[in-house]
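Okay, so here's the structure we're looking at.
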Amino acid sequence: MSAQRPGVGMTGFAILPPAPTVELDAGELDFLRRAAGILGGKRFAVLTGAGLSTDSGIPDYRGPGAAPRNPMTFQEFIGSAANRRRYWARNHLGWSHLRHADPNGGHAAVALLERRGLITGLITQNVDRLHEDAGSINVVDLHGRYDRVICLDEGHVFTRGLVASILEEINPGFLEAAQASGVVEMAPDADASVEDPELIRSFVVAVCPICGGTLKPDFVYFGENVPRDRVQRAYSMVDEAGALLVAGSSLTVMSGLRFVRHAAKLGKPVVIINRGPTRGDGFADLKVEAGVSGALAWLAAELPDLLPSGQPISVPVD
């Protein structure tokens, strides 16, 4: 994998060994042909989750083999200086490990679907910005974006790279010491376990360079609401679509499941591609158990173009 990531912007994730490419078996192909039959001839909305980024080396939250986690809530973050110190110490280490991940074939497939005019838009629960790096444009970053940090006091916005450089300057030698102490696990939000409590207590938290306020990564924590305008934009993508495709999400949290329920309520077909059960399976017209990036690449190659009227291209039959 190259050190230079394609596309634009900083994702905040590092290059990790990608999962090996897995060939689709006959059963998976059969289900994907059925998915193409449902999605073909329609413009559809796409909802993606952490399962799509695993092939870029980013661990997911709830997939097979995912380590158990108890992420810090927004209330815990703002309620205690000690919690903020622990969070930023772990996050700073996670950033150093995870800041250059490359988009995989699934991200590229979704960008291709958009360029061909087959989707009304993309809703992603991921904060890694890999969809944008792959070329997707009409994207709702439902849970925020990891390449930015916000000031909770005055609303100032900074790049994550700038904040990382500040943290490195005021915590010399921290990364080396933390890495030597051992990393237990990583997470999609670049959290990392630091085993040495004394090391965490010694960590100095950066404040807003402009007003001295409290800094927080610009993504939605557990216990925090997704901004209303973001939710409404995502609903509009589903409203304009003839179907909804979910890829790589367990739909455990309501922030994503609501769009599946909305599509089903409107009578729009729902196709879910995910290894393992999801909370949306009962609303799905079809559930495909397959590798997400490979399945998306297959669909991008097989789905027909649409005529300007939105009708599928017909092929004469002799």
Share of carbon and sulfur in the accessible heavy-atom surface of region 34-180 [1.4 Å probe, %]: 50 percent
Label-point separation, residue 196 to residue 254 (7 Å along Cα→Cβ), nm: 4.3 nm
Region 94-156 shape via C-alpha gyration tensor axes, a/c threshold 1.5: oblate
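For an R0 of 45 angstrom, estimate the FRET efficiency from the Cβ-Cβ distance between residue 233 and residue 24 and round to the nearest 0.05.
Approximately 0.85, to the nearest 0.05.
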Candidate lysines for bridging to residue 265, where Cα separation is under 23 Å - those fewer than 8 sequence places away on the same chain excluded: 42, 287
Anchor residue 216: aspartates and glutamates whose Cα lies under 17 Å away (excluding residues fewer than 8 positions away in-chain): 76, 128, 141, 147, 153, 154, 168, 189, 191, 224
Stretch gain in nm, segment residue 162-residue 115, where the contour uses 0.36 nm per residue and the Cα spacing is subtracted: 13.7 nm
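When a/c reaches 1.5 or more, the comparison of a/b and b/c decides; with that in mind, is region 206-292 rounded, prolate or oblate per its Cα gyration tensor? Intermediate results must be reported in sequence, preceding the final value.
Values: a/c = 3.17, a/b = 1.97, b/c = 1.61.
Note, shape of region 206-292 comes out prolate.
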Modelled FRET efficiency - R0 51 Å, residue 75 with residue 175, Cβ distances, 0.05 increments: 0.95
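The values are calculated or read from the model by the stated rules, or taken from the named source; none is laboratory data. Not measured: the values here are computed from a predicted model. FYI the Cβ positions are ideal-geometry reconstructions off the backbone, even for glycines, and counts take in every protein chain you see. The accessibility values were calculated without ligands, DNA or RNA, using every heavy atom of the protein model including side chains. Shrake-Rupley method; radii C 1.70, N 1.55, O 1.52, S 1.80 Å.
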